[in-house]
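Values in this text are rule-based calculations from the coordinates and carry no lab data. Just so it is clear, the model here is predicted, and its values are computed rather than measured. When we count neighbours, we look across all protein chains shown, and the Cβ atoms used for this are built from the backbone with ideal geometry, even at glycine.
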Amino acid sequence: MLRWIRQQLGFDPPHQSDTRTVYIANRFPQHGHYTPQKFADNRIISSKYTIWNFVPKNLFEQFRRIANFYFLIIFLVQLMIDTPTSPVTSGLPLFFVITVTAIKQGYEDWLRHKADNEVNGAPVFVVRSGSLVQTRSKNIRVGDIVRVAKDETFPADLVLLSSERDEGTCHITTASLDGETNLKTHFAVPETAVSQTVSKLEALQAVVECQQPEPDLYRFIGRITVSQQGEEIVRPLGPENLLLRGARLKNTKEIFGVAVYTGMESKMALNYKCKSQKRSAVEKSMNTFLIIYLGILLFEAILSTILKYAWQSEPKWDEPFYNRKTEQERNSSQILKFISDFLAFLVLYNFIIPISLYVTVEMQKFLGSFFIGWDLDLYHIESDQKAQVNTSDLNEELGQVEYVFTDKTGTLTENEMHFRECSINGVKFQEINGKLVPEGMTDDAPDGCMPLLSTEEELFLKAVSLCHTVQINYEEPDCVCDSFYQANGVSLQMEYYASSPDEKALVEAMKRMGVAFTGNNGEIMEIKTFGKSERFKLLHVLEFDADRRRMSVILQTPTGEKVLFTKGAESSIFPHAKSGEVDKTRLHVDEFALKGLRTLVVACRRFSAAEYEEVDRRLHEARTALQQREERLAEVFSFIEKDLELLGATGVEDKLQEKVQETIEALRLAGIKVWVLTGDKHETAVSVSLSCGHFHRTMNILELVQQKSDSECAEQLRQLARRIREDHVIQHGLVVDGASLSLALRQHERLFMDVCRSCSAVLCCRMAPLQKAKVVRLIKTCPEKPITLAVGDGANDVSMIQEANVGIGIMGKEGRQAVRNSDYAIARFKFLAKLLLVHGHFYYIRIATLVQYFFYKNVCFITPQFLYQFFCLFSQQTLYDSVYLTLYNICFTSLPVLVYSLFEQLVHPHVLQNKPALYRDISKNSLLSFRTFLYWTLLGFCHAFVFFFGSYILMGEDTSLMGNGQILRANRQLMFGNWTFGTLVFTVMVITVTLKLALETHFWTWMNHFVTWGSIAFYFIFSLFYGGIIWPFLHTQDMYFVFVQLLSSGSAWFAIIIIVITCLFPDVIKKVFYRHLRPTSTQKSQPIEAYPGTSCMDSACCFSSRKDWREWLGQLVERVMIRYGPGRVTRWWRDSDPFCSNDQRILTHSPVEATRC
Amino acid sequence: MMASSYSTKEEDGHQSGAPGPGGGVNAKSRKPDNTAFKQQRLPAWQPILTAGTVLPAFFIIGLLFIPIGIGLYVTSNNIKEYEIDYTGVDMSSPCFNCSQNYSWNSTKPCRCSVSFSLDQPFESNVFMYYGLSNYYQNHRRYVKSRDDSQLNGNLNALKDPSKECEPYRMNDGLPIAPCGAIANSLFNDTLELYYNDPNGTKTLIKLVKTGIAWWTDKHVKFRNPVGDGSNLSAVFQGTTKPVNWQKYVYQLDSDPDNNGFINEDLIVWMRTAALPTFRKLYRIIEKQGDATPTLPRGNYTLLVTYNYPVRSFEGRKRMILSTISWMGGKNPFLGIAYITVGSVCFFLGVVLLIIHHKYGSRSNNADISS
């Protein structure tokens, strides 16, 4: 009973058993003990909210944020106790912030709903009541028989029942799940494999029992019980019988499978993790600052409370005759009063924590990120791709990158393979105009003449064009019937599709050379050798796997011979080669690798009939083995792939993307270390690295490769470290391979890190995807906590992209896996330069100033309030009216900083791009360092003091500011009260704070002008309006005509002007002095823009009065120029440009920059 | 997000490469618009703060502020001001007795007279203030202890004043009008000024008691409730006077335009001061004719009806006589501030000019030449 209740309440999962029983086609047994089980439906839900729970859930989520929660508490405190300000003052801004965030999140969730609906509504075919029914994906139930056609993805986790092939196999690719692009073969149980039609399936009586859903993709244990003619046959089921949701059916026309895990219970859904929230460095420092401010707030509140009680100890201050307490106040308990006083001060000063900071930052990020997508320079015309922003949270992180980890294939290179060279039987050939030409010979063979090929050459070509898993696609849509007979007319419409671009390049090259692969239909592979068609019977495919690093096919030649062709990495073929020109080929392979070509070695083995018998038998046994199938297969494969006859090797070129060299150079000048992480072999990687400028010829290249043991590796590392220490003049490049890396990381992490950090370029080759992520994490977590960025295009880069602080996906040829998991996606590697140097720089400066300014303006806002307590007996009297308290952050000062943070450009983008070194000015989060934070905070305090005491002195003890006069016609001298005083402080503050931002602004678009002057104007208009009416719903009319009276006083105007100028001038002076005495390189590149006047020319906002200044200045400049002469100018620049002198070596080594500098 | 991770169409790298060459229709090009806004190329003014650009501003401010400052300072210095403390702290001071034996309820007013002499004649209108120190009109409990609707003539509020007025809301079961601590503590000393003619006669100087409050306060914000009769006392029927007051609110003045809530002394008092030392306008001595100064040189007597206790909180009471200028009362600080800022700016301008010569243009040109 209790259990039933718990089940209903959802404490216990409804099915307690460890297994689930699935009745195929939901044909439950009529007799016996059937307990219906409840399964999830096939609906995928990635959205967070529904219409009903949006409000409560979203509110809950938002109040989990510390800042929002803090303001909620303040609001509640205001509601509960007698506080100096009305609850509206913090309630309204909080409401505003919460609403804006809720709208944003609601919009995002709506997008997710749309995506969900698309997936859930996708059409699928299900066998129901004896016929094939089309339905929506979400309607699939556990037990349904689903039909999936070629190239469709599986809509749920299915147990394969049958395929169009008699043996019940099918090929799938799991690229979207684990990134492996090769084809995998899955099997059906023989008893069900025969049910290839709907009617046969209808008659099938079977039950699948399997474990409950679990996220491991490679684990599945179950069994199927098939009832045939009254007897029950039980067969085990393993992962090779399970087709995972998200995988794609390849190479097989159609399959039938029974759904076992659906919807959110499918393995893919269970594997879906919420992308771990990446937080930017700016956000982290922002939180630190918030905590510091919280400290200041608490300090001020405690100090005020204590002082209040110090004053109150004397009754003449506590309760003078004119100001008696009520009975209630007198009688309440001391402790309660103390607490409520403390809370009241907390409420009074709470505005020091900038409430709208988060929402402004969020809006800035959200709106600002559009600029990346809009940038024409990041648009790639050929592929019609523009940059794509997946998270706007990291915009500013783009300006902080210190390490770039880049994949090689597809990222630095085009991932467009071109066959270049090959070595056949120890002779090197090149492809020239679609012909194989032996090395050293030019293409002088007469055209049209059929080149004569030796048997070795022909065999090699055939081997290459047969040993692969390439598919052919024809343009004709209705060729499904049989591609075979149309093969005659194929020549042009035929297109090869391969899981690896190398294979495709090879097959295409073979076709150009006259050995065209024209089709396969399961068992027959056909090639056309110089027009002559040959058919090979495909007996077995020994699929590629990463451990063997080779793949093989076993074929029956037209002559009946049984041959094995194998191709793979040289390290996996040479040891098994028995005959052939091994040494020469090895030499050639190394040569190819040096040229940056990707190499594959091809070999063959001929079987005698007896040999083949055994091979066939063992293969069959292994394939159908129920236990340890993998191990047994591997064993059989190694048994087959031996005693090879070496045929030759191929060299395929992967063209570098354009401007890779310039980009890497620019990144390096920007102080970013570039690491290349690749799965390629050592030599290839080094040569690509050299050709793309990652390594320079002048670099001393250190190697940590092929380390076998721990101690050896450590010794090598120490040796390297010593070498680096000894000659520190030369730049070092480090090459590490995957095996050595894992050794180095296991025990000698620190040593390895030291070596790495003193190298200016690091190349890691032979890396597994997880190793890439490991390297990234290693750097990311080292003591300095550098910001890392990972670029990649393939599924194998996903882990690295997710690990790095910023992940960038290249929209390349290897699918969209990387793009989808990235934070930003670009079409080409070269766009990285602009993305980091320009956009990153801008975003960082914008957000850094935004954050600092926010703290500054709130210090300015609340410190006068604090100071005022010293003059009002710490009675928590507010200085400003509540409406001003409420609107200060929402209306009066919010827009200018938002517009600033969207449009600010410290330096022209071209300058930023041409001078990558400017990036160093903002590295290490310099604009949010503790020093700058202190500067802004102190500035805020200073300004607040000036506001307060300036007004204090000028208003004095109410020496009235109002004149008698002729000027103002009011022939009266009138008194000002506390509200006028507060309004004066507030007016000065709004003007100063707005103008302070104006001083920071370097890029005045019409919008900046509009919001800056508009904000001040709005404040005046609003105040006039607010003070001009007796507001019926307001409790007191404190502000009635206060503002007008203030402004009609001449002295008030004089006071406002002098206070504003006193505040801002020191700041101007500081800026000017720093610019001239200790200029940053960014500042030095600014005047280039300003002086030629180009920027002013095309600016609509140019002031004509500036012309005079410039003329005058121009003369000054000329005079100075003449005095000092050009020679001295150059010297000066060298001396004071620290990074340029430090990096002289970089400059001289780099061909690009040296000329420019 | 997960759903999108297997939206089927775009997954294959193959297909995404396809759309390029074949179609003449490039309707769905994703090329961003080449607009100034989207490319962040909006026309903009890019000011840069260099010595060169701010120099003129510094000189202008220097040159502008110094004369203004001098002007303000001179104006302020021309204002004549006389201040006398009549609290009666010292034994010797004439009001010592009054200050000692004071109680709110004493029916017999205590009078004292303070003599002083003016060394210079006060021309034009003279303003007479009372000043209080150590008096916290800006205490929160005090500031909020008022009912603006009652003062605005709202009849409901008259009979049922706001809770904020506690503990000065009701007395003996009757609502207090005007309620609250501010009104209750209305300054109730009476100051009279006599001119001691050299020939021995004392002339009472005429003190004008209207026109000392804000026009808007007197005519809009403060209003007497409108009752059945024209008689103010009838309107205030059913209310009682503040505890500390000796008279009812409708007895404050004989002039109906200065009585009740619109009594200007009350209005001035109700505008709470910002700081604990403050002065409030009390009376105006208007200039009689062109021939004589408003207050000629000579001896004066201030006759104080001493009602207001301040000794309990170490307060002080002062009487201030002052003329004013176009910029208001005497305040030398504004002028000094202008002169200081102006001179500093000018000085810095000179420094900047030197810097500009030494560094400025070099840094500007360095990068051009690089």
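Take the Cβ-Cβ distance between A:K337 and A:L751 as r, set R0 to 51 Å, and report the resulting FRET efficiency rounded to the nearest 0.05. Step by step, r from the Cβ atoms, then E = 0.20. The residues neighbouring A:R629, those whose beta-carbon lies less than 11 Å from its own, together hold a net charge of -3 under the Lys/Arg +1, Asp/Glu -1 convention.
Using C-alpha pairs below 8 Å separated by at least 6 residues, the relative contact order for the stretch A:701-815 is 21 percent. Scattering from the stretch A:63-149 was approximated by placing one identical point on each alpha carbon and applying the Debye formula without solvent; log10 I(q)/I(0) at 0.20 1/Å stands at -0.92. For chain B, taking a cut-off of 4.7 Å between Cβ atoms, the unpaired cysteines are B:C345. Around the Cα centre of the stretch A:792-909, unit charges on the Cβ atoms of Lys, Arg, Asp and Glu (plus for the first two, minus for the last two) sum to a dipole of about 320 debye. Computed from backbone phi, the HN-Hα couplings of the stretch B:125-131 come to 5, 10, 10, 10, 10, 10, x Hz, rounded to whole numbers (Karplus: 6.51 cos²θ - 1.76 cosθ + 1.60, θ = phi - 60°; Gly and Pro given as x).
Note down the Stokes-Einstein diffusion coefficient of the stretch A:783-854 in µm²/s, whole number, using a Kirkwood radius over alpha carbon pairs, 20 °C, and 1.002 mPa s. For the chosen part, D equals 164 µm²/s. With the cut-off at 27 Å, tell me which of the pairs A:K365/A:K655; A:K578/A:K774; A:K428/A:K659; A:K428/A:K462 have Cα atoms farther apart than that. Flagged as over cut-off: A:K365/A:K655; A:K578/A:K774; A:K428/A:K659.
Across chain B, C-alpha contacts under 8 Å between residues 6 or more apart give a mean separation that, scaled by the residue count, equals a relative contact order of 33 percent.
Each residue, A:D545 and B:N171, gets one label point 7 Å from its Cα in the Cβ direction; the gap between the two is 10.1 nm. Here the spin labels are modelled as points 7 Å beyond Cα on the Cα-Cβ line, and at A:K655 and B:D290 they lie 10.0 nm apart. When chain B is described by a simple charge dipole with +1 on each Lys and Arg Cβ and -1 on each Asp and Glu Cβ, the residue from B:V208, B:V350, B:S230 located farthest towards its positive end is B:V350.
Placing unit charges on the Cβ atoms of the charged side chains and taking the dipole of the stretch B:254-342 about its Cα centre, the candidate lying farthest along the positive direction among B:A337, B:V304, B:T294 is B:A337. Candidate membrane-span-like segments in chain B, meaning DSSP H helices with Cα atoms spread over at least 18 Å of their own axis and a Kyte-Doolittle mean of 0.0 or above, are B:51-78, B:332-355, with no membrane implied. Computed from the Cβ-Cβ distance with R0 of 25 Å, the FRET efficiency linking A:W1006 to A:S929 stands at 0.15.
The charge dipole of the stretch A:602-715, taken about its Cα centre with unit charges on the Cβ atoms of Lys, Arg (+1), Asp and Glu (-1) only, comes to about 300 debye. For the cross-link pairs B:K202/B:K241; A:K511/A:K562; A:K284/B:K38; A:K785/A:K834; A:K250/A:K830, the ones whose C-alpha atoms lie over 26 Å apart are B:K202/B:K241; A:K284/B:K38; A:K250/A:K830. Each Lys and Arg contributes +1 and each Asp and Glu -1, all at the Cβ; summed about the Cα centre of the stretch A:564-612, the dipole is approximately 140 debye.
Computed extension length for A:E458-A:E214: 82.7 nm, one decimal, from 0.36 nm per residue of separation with the Cα-Cα distance subtracted. Here is the P(r) of the stretch A:532-652: all C-alpha pair distances, binned every 5 Å from 0, give 2, 11, 20, 20, 19, 14, 9, 4, 1, 0 in whole percents.
Here r is the Cβ-Cβ distance between A:T326 and B:N154 and R0 is 30 Å; the resulting FRET efficiency, rounded to 0.05, is 0.85. A simple spin-label model places pseudo-atoms 7 Å from Cα toward Cβ; at A:S638 and A:L76 they are separated by 6.6 nm.
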